[in-house]
Amino acid sequence: MTTSRLSRRRALVTGAATGIGRAIAVRFAEEGAEVCLNHRDRSDDPDAALAEVEAASRKAGFTAARHLAIAADVAERFQVEAMVAEAVAAWGGLDILVNNAGIQSFAPSEDLAEAELRRILDVNLIGAWHCAQAAIRHFLAAGKPGVILSNSSVHQIVPKPGYLPYSLSKAGLGNMTRTLALEYAGRGIRVNAVAPGAIDTPLNRGWTGDPEKRRAVESHIPMGRAGAPEEIAAVFAFLASDEASYITGQTIYACGGLTLFGEFRSDWSSQSD
Ligand code: NAD
């Protein structure tokens, strides 16, 4: 069920041509927002994503919504500043930022190259900060309220062996969320995060298309299945809307119970006989 909770809101979503970012862009458009889809380059087919977002708006009756697609590498500060300036100029303002762009790669920590650690932190954490800072400067200059949301991960708190840069970046996003929330709570800017579990997106192409690997992954999830991007987008839409007007500095875990220590489903730890 969708509503018009985001009517007349202008939202920039990073990494929005694929996966969860694309689902967020579509959901926001369905709820009345105007959306700027950020994409790194043309390899993700941003035109198809933009067309889907435009169709979603039209179908929901928001025929005047003006959507944008802007290329920028979030790791590059000047590209981010130019992107935010372009969106603000096109719309006359910006109300919501969603830091969604993210990457990961596997390396045993004894082999991890410093350049790879920096590459992942530069996108997932520093990139999110570039975008947050540009958005905060705009919100403060405009004297209007603003919302900043980040796509974190259960790995904000759950260790992910072999993925140290990813785990570090998501833990950092958790504290960036709390710190910025506290710093700007009195100035009308709400800052929150969503932490998905295992979601069916291109990031997980290593197992989503292989039934045996998928079964193995899903056996660890208390709800017994991977999540859909749309189930994560719904949480972002709530947090972006005025229904979440008294929520700041929080991370909502949308993970099918992954953070609940699933091994405790059966009583193995306290049995006496
Ligand atoms: P995805 O690979 O489809 O999405 C990532 C997007 O980020 C892509 O569109 C990619 O082009 C973009 N991107 C990468 N580097 C960029 C850069 N430098 N500048 C701009 N854009 C860039 O995968 P996804 O699963 O939709 O991931 C989206 C977010 O969700 C990521 O932050 C990821 O960590 C997070 N997440 C995903 C899962 C999951 O299971 N899929 C779980 C938890 C968190």
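The values are calculated or read from the model by the stated rules, or taken from the named source; none is laboratory data. Everything numeric here is computed off the predicted structure, so don't read it as measured data. Positions of Cβ are backbone-derived with ideal geometry, glycine not excepted, and every protein chain shown enters the neighbour counts. These accessible areas exclude ligands, DNA and RNA; they are computed on the full protein's heavy atoms, side chains included. Shrake-Rupley method; radii C 1.70, N 1.55, O 1.52, S 1.80 Å.
The residue list LEU112, LEU164 contains one member that is out of contact with any Lys or Arg (no Cβ under 6 Å at 6 or more places or on another chain) and within 15 Å of the ligand (Cβ to nearest atom), which is LEU164.
Please go through the range 217-233 and pick out each residue that is open to solvent by less than 30 Å² (accessible area, probe 1.4 Å) and in a helix (DSSP H, G or I).
Across the range 217-233, the qualifying residues are PRO229, ILE232, ALA233.
All conditions but one from (1) within 9 Å of the ligand (Cβ to nearest atom); (2) at pLDDT 95 or above apply to ALA48; the one that does not is (1).
Once the range 189-216 is narrowed to residues that are open to solvent by less than 40 Å² (accessible area, probe 1.4 Å) and without any contact (Cβ under 8 Å) to a residue 60 or more places away in the chain, the residue that is nearest to the ligand (Cβ to nearest atom) is ASN204. Is there a residue being in contact (Cβ under 8 Å) with a residue 24 or more places away in the chain, open to solvent by 10 Å² or more (accessible area, probe 1.4 Å) and more than 19 Å from the chain's Cα centre (by Cα) anywhere in the range 128-136? So far as the range 128-136 goes, no, none of its residues is in contact (Cβ under 8 Å) with a residue 24 or more places away in the chain, open to solvent by 10 Å² or more (accessible area, probe 1.4 Å) and more than 19 Å from the chain's Cα centre (by Cα). Pairing residues of the range 161-174 that are modelled with pLDDT under 95 with residues that are aliphatic (A, V, I, L, M) and not in a helix (DSSP H, G or I), at Cβ distances under 9 Å and at least 6 apart in sequence or on separate chains, gives no pairs at all.
Need pairs with beta-carbon distance below 8 Å; first residue under 10 Å from ALA56 (Cβ atoms) and assigned to a helix (DSSP H, G or I) and within the range 23-44, second of a type in the set (Ser, Thr, Tyr) and more than 11 Å from the ligand (Cβ to nearest atom); sequence gap 6+ or separate chains. Within 8 Å, the pairs are ARG27/THR2; ALA29/SER57; GLU30/THR2; GLU30/SER57. Among the residues of the range 243-273, those that are of a type in the set (A, V, I, L, M, F, W, C) and either surrounded by fewer than 10 Cβ atoms within 10 Å (Cβ to Cβ) or modelled with pLDDT of 95 or more (or both) comprise ALA244, ILE247, ILE252, ALA254, CYS255, LEU258, LEU260, TRP268. Looking only at the range 72-95, filter to residues that are open to solvent by 30 Å² or more (accessible area, probe 1.4 Å) and within 16 Å of the ligand (Cβ to nearest atom); which one of those is nearest to the chain's Cα centre (by Cα)? Among them, the one singled out is ASP73. I'm trying to understand the selection: among the residues of the range 153-175, which are out of contact with any Leu (no Cβ under 6 Å at 6 or more places or on another chain), farther than 13 Å from ALA107 by Cβ and hydroxyl-bearing (Ser, Thr, Tyr)? Passing the criteria: only SER153. Screening PHE236 against (1) open to solvent by 10 Å² or more (accessible area, probe 1.4 Å); (2) in contact with a Leu (Cβ under 8 Å, 6 or more places away or on another chain); (3) closer than 30 Å to LEU6 by Cα leaves a single unmet condition, (1).
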